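Since the structure comes first, as structure tokens, the remarks are kept for the end.
No lab work stands behind these numbers, since they all come straight from the coordinates. Predicted, not measured: the structure shown is a model, and the values here were computed from it. Every residue, glycine as well, gets a Cβ built from its backbone with ideal geometry; the counts of neighbours run over all protein chains shown.
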Amino acid sequence: MQEVFNIHSKIKNLAQTKGLQLKFHEVPSAGIDLNFSHTTGELNGLLLDILGDFPNYETKIRVEPLEQMVQVKGQIKCELNLTCSRCAEVYANSFSKNFVTAFYKSEQSLKNFGMHSDDLTGSFDLEFLEGDIIDIGEVVHEQMALEIPYQPLCSEECLGLCFQCGINKNKSRCQCKSEDNNFEDEKSPFSKLKGLMKQKEN
Ligand SMILES: [Zn+2]
Ligand SMILES: [Zn+2]
């Protein structure tokens, strides 16, 4: 226990100077457990671009050598503050994920790598490591960034903003109805069909 604590404080010191980094060849065979959260704060600065000023996250990470690789296995619980791509409102989106990132130094080590699939749930990445430094902060950053949707939506049914007056249509209605409806009509793949049907009826 004492030893784990020492490794922790050693890593913390490293973290303050060069980010959270471990050397590939120096990961002890017993592995290292690392737990971070917004309260302990080691990664807050690094995650600022994803989580903003009020981060809310918890990670449990285990780093251990595996055959000729180093495996970073972790769990992330996190709250993302996303901006809806339709109505521009900020909304919270919580997620929890498991991941494994296995770092390797040579193609040979890949060939020797037998998958240990017993506790492999969540995402799995193989990453070629140039140099000798594994940046744990970067791994966490990448895993969180992967959870940001390309087009965030506060809800599937979000009505978005009025194209004319900019009002949030989830919250209130406006008077610029007709133009807006025309626009919706043009967008709909059925609008042409609707037009054809009308012609037929006439
Ligand atoms: Zn929205
Ligand atoms: Zn309007």
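Mind running the shape call on region 74-115? Use the C-alpha gyration tensor, a ≥ b ≥ c as the square roots of the eigenvalues: rounded below 1.5 for a/c, prolate if a/b tops b/c, oblate otherwise.
Values: a/c = 5.58, a/b = 3.06, b/c = 1.82.
It comes out prolate by the Cα gyration axes.
Suppose R0 equals 45 Å; then what is the FRET efficiency for Leu110 and Glu89 from their Cβ-Cβ distance, rounded to the nearest 0.05?
According to the calculation, E is roughly 0.50.
May I ask you to compute the full-extension gain from Phe128 to Phe24, defined as 0.36 nm times their residue separation minus their alpha-carbon distance, rounded to one decimal in nm? Mind showing how you got there, number by number?
Numbers: separation 104, 0.36 × 104 = 37.44 nm, distance 1.16 nm.
Contour length minus Cα-Cα distance gives 36.3 nm.
Over 27 Å between C-alpha atoms is what I'm after, so list which of Lys23/Lys60; Lys23/Lys111; Lys97/Lys171; Lys77/Lys171; Lys23/Lys97; Lys60/Lys105 land there.
Working: Lys23/Lys60 19 Å; Lys23/Lys111 22 Å; Lys97/Lys171 33 Å; Lys77/Lys171 31 Å; Lys23/Lys97 25 Å; Lys60/Lys105 25 Å.
Checking Cα-Cα distances, Lys97/Lys171; Lys77/Lys171 exceed 27 Å.
Sorted by average packing, counted as other Cβ atoms within 10 angstrom per residue and highest first, what order do 41-51, 166-176 take? Present the calculation step by step, with values, prior to reporting the outcome.
Values: 41-51: 16.5, 166-176: 12.5.
Put in order of decreasing packing, that is 41-51, 166-176.
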